[in-house]
1. Which of the following residues is at pLDDT 90 or above and farther than 23 Å from Leu159 by Cα: Ala85, Ala35?
2. Residues of region 157-169 being outside any loop (DSSP other than H, G, I, E, B), hydrophobic (A, V, I, L, M, F, W, C) and under 26 Å from Ser106 (Cβ atoms), which ones?
3. Can you tell me which residue among Met134, Met121 is at pLDDT below 85, in contact with a Gly (Cβ under 9 Å, 6 or more places away or on another chain) and under 19 Å from Leu80 (Cβ atoms)?
4. Being without any contact (Cβ under 8 Å) to a residue 60 or more places away in the chain and among the aromatic types (Phe, Trp, Tyr) is the filter here; which residues of region 34-79 pass it?
5. What number of residues within region 127-155 are over 21 Å from Gly64 (Cα atoms) and either among the β-branched types (Val, Ile, Thr) or in contact (Cβ under 8 Å) with a residue 60 or more places away in the chain (or both)?
6. Among the listed residues Asn152, Asn97, which satisfies the condition of being exposed (fewer than 13 other Cβ atoms within 10 Å of the Cβ) and within 23 Å of Ser56 (Cα to Cα)?
7. Output the residue which, of all residues in region 125-156 that are charged (D, E, K, R) and over 17 Å from the mean Cα position of the chain (by Cα), is farthest from Thr104 (Cα to Cα).
8. Out of Ile68, Ile48, which single residue is of a type in the set (A, V, I, L, M) and within 30 Å of Ser122 (Cβ to Cβ)?
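The values are calculated or read from the model by the stated rules, or taken from the named source; none is laboratory data. Keep in mind that this is a model prediction, so the values were computed, not measured. Here the Cβ is made from the backbone with ideal geometry for all residues, glycine too, and neighbour counts use every protein chain on show.
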Amino acid sequence: MDEHHEIIKRLEQENSLLKKQLSQLEADKKKYEKALEEKIRLEESESILGSIIENSLSGVALIGADNIVKKWNRGFEDMLGISKAEVVGKNLWDAFNMIFALDTYSKEEIEDLRSKLKDAMSLEQQTSFAWKVMNLKTRQERTIHTIFFPVNHSETHSLCIVCRDITVI
C-alpha cells in the first residue's frame, strides 16, 4: 500500500508541476497575443501615417544622422522636380547641389542657403526659413517655407524637413 501511496503522491506532484507550467504557458500566450495585437496596431498606424506623408502636398523628407536621405515624398518631387529615386540613400547635399547647379543662384545666395541648412541640421531645435528654389523639371521659381526639426527615436536621431510652397501666383 505504501508503494501505491508513493506513486499517487509522485503523480500528484507531477500533475501540480504540469498545472503550473500550463498556467505559465497560458499567461505567456496572453502576453504574446497582446504584444502581437499592439504590433499590428502600430504597423497599421505607421502605414496610415506613411500614406498621409507620402501623399502630402508639402514636401517631407527624413534625413539620418549621417546626412543620408531616408524618406522623400511626392510633395518634394513636385516642388523641386527631384524624384525620390534620385535622392533616397544619398547625401542630402547631393540633392541640394542639383538645385544649386542651376545658374539662377548667385554665390552669395548659395552660401547663405548652405549656411542656413548647416545651422538647421546642427541645432537640436526647430528652425524655419523661406527661400527661393528653381523646380528642376519646370524651371519655375518657387518660394518655399522650410521647417527643420529633430526626430529622436530609440536607436538614433534624424532630421525632418517639411517644406511648403508659398509662391504667390
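1. Details: Ala85 fails: farther than 23 Å from Leu159 by Cα.
Selected residue: Ala35, the only one of Ala85, Ala35 that is at pLDDT 90 or above and farther than 23 Å from Leu159 by Cα.
2. Within region 157-169, the subset outside any loop (DSSP other than H, G, I, E, B) is 157-165.
From the residues that got through so far, the ones that are hydrophobic (A, V, I, L, M, F, W, C) too are 159-163.
Selection gives Ile161, Cys163.
3. On inspection, the qualifying residue turns out to be Met134.
4. Trp72
5. Qualifying residue count for the region: 5.
6. Numbers: Asn97 fails: within 23 Å of Ser56 (Cα to Cα).
From the options Asn152, Asn97, the qualifying one is Asn152.
7. Narrowing region 125-156 to residues charged (D, E, K, R): 132, 137, 139, 141-142, 155.
From what's left, over 17 Å from the mean Cα position of the chain (by Cα): 132, 137, 139, 141-142.
Details: Lys132: 10, Lys137: 14, Arg139: 10, Glu141: 9, Arg142: 12 Å.
Filtering first and then ranking leaves Lys137.
8. Numbers: Ile48 fails: within 30 Å of Ser122 (Cβ to Cβ).
Going through Ile68, Ile48 in turn, the sole match is Ile68.
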